[in-house]
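The values are calculated or read from the model by the stated rules, or taken from the named source; none is laboratory data. Computed from a prediction, not measured in an experiment: that's the story for all the values here. When we count neighbours, we look across all protein chains shown, and the Cβ atoms used for this are built from the backbone with ideal geometry, even at glycine. Areas reflect the complete protein model, heavy atoms only, side chains present, ligands, DNA and RNA absent. Shrake-Rupley method; radii C 1.70, N 1.55, O 1.52, S 1.80 Å.
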Amino acid sequence: MKILCIYHSETGNTHSVMEEISRATGAEMLRVRDRAGYGKVTMYIRGIPRALRGTHAAIEPDAIDLSGYDLVILGSPVWASRPTPAANAMIQALKNCLGKKALLVCTSGGGPGETLTLMENHAKERGMEVAGSFHVRFSMRGDRNQEEMAALIQAVTKLAEA
Ligand SMILES: Cc1cc2nc3c(=O)[nH]c(=O)nc-3n(C[C@H](O)[C@H](O)[C@H](O)COP(=O)(O)O)c2cc1C
């Protein structure tokens, strides 16, 4: 089974989760970039209002072809309890996604808020089949929650074997 992890990650947490999935399952990785090019402060000043409005960012790459993949892992950081503008755009940028199986992942320092629900709505609007939603919490020191991470890896492995 061919698996692709597609994700946005500004500060590296979501990237590290996707790396772990890739190590465990052989999944390929595609990190989308928000062309806004945030700095440490502008990420909050500009990022929070944009996330709250549900903005679709200009991203790189701006089209992602899912032909040839059986399972897609979609990842976003939580910004203001929502997906990031780049993650919104990432789901919109998917091509040949009709009927594809997707697993949704978000990372944050607290809870997921509305992030997974909104990502699920976007993915379903694109005709994808959502096979599960996962949140991985990071501590202030940057350590991720090991139980949540293990549950996510287990779910991807199980889907990969199906
Ligand atoms: C603009 C902004 C808004 C955030 N909003 C939230 C939030 O609403 N709830 C929360 O728990 N964490 C929030 N965080 C923390 C991030 O969700 C968390 O650090 C995440 O793992 C970052 O992912 P990344 O390193 O892949 O970019 C926010 C961070 C930023 C930069």
Exercise for review: Determine the order of ARG23, ARG144, ARG33, ARG46 by accessible area, beginning with the largest, at a probe radius of 1.4 Å.
Suggested key: ARG23, ARG33, ARG46, ARG144
Revision key, fill the gap. Whole-Å distance linking the alpha carbon centroid of the stretch 1-56 with that of the stretch 107-162 is 13
Check your understanding: Given H placed on each backbone N at 1.01 Å, which residues far from ARG46 in sequence or on other chains put an amide H within less than 5 Å of it?
Key -> none
Study note, to complete from the structure: Comparing THR107, THR14, THR42 in a Gaussian network model of the chain (Cα, 10 Å), the one with the largest mean-square fluctuation is THR42
Exercise for review: Please check which bits of the stretch 20-48 a label hung off GLU60 would reach, taking the label as a point 7 Å along Cα-to-C-beta and the cut-off as backbone N under 17 Å.
Suggested key: 30-39
Practice item. Pop out the carbon and sulfur fraction of the accessible area of the stretch 3-161 as a percent, whole number, probe 1.4 Å. Key: 49
Check your understanding: What number of lysine-lysine pairs in the chain show an alpha-carbon separation below 30 angstrom, given a sequence spacing of 8 or more or placement on distinct chains?
Key -> 12
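May I ask you to list, by number, the DSSP H helices of the chain whose Cα span along the axis is at least 20 Å and whose average Kyte-Doolittle hydropathy reaches -1.0 or more? All intermediate terms of the calculation are to be shown ahead of the outcome.
Values: long enough: 146-161 (22 Å, 0.21).
Membrane-span-like by this rule: 146-161.
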Practice item. Return the Rg/Rh value of the stretch 3-161, two decimal places, where both radii are evaluated on C-alpha atoms and Rh is the Kirkwood radius. Key: 0.93
Exercise for review: Have a look at ARG35, ARG82, ARG141 and tell me which one the Gaussian network model of the chain (Cα, springs below 10 Å) gives the largest fluctuation.
Suggested key: ARG141
Practice item. Would you mind checking which residues have amide H under 5 Å from ALA102's amide H? H placed 1.01 Å from N; only 5 or more apart, or other chain. Key: VAL72, GLU129, VAL130, ALA131
Exercise for review: For the stretch 3-161, give the share of DSSP beta bridges that are antiparallel, in percent and rounded to the nearest 5; count only bridges with both residues there.
Suggested key: 15
Revision key, fill the gap. Highest GNM mean-square fluctuation among VAL41, VAL130, VAL17, for the chain with Cα springs under 10 Å, belongs to VAL41
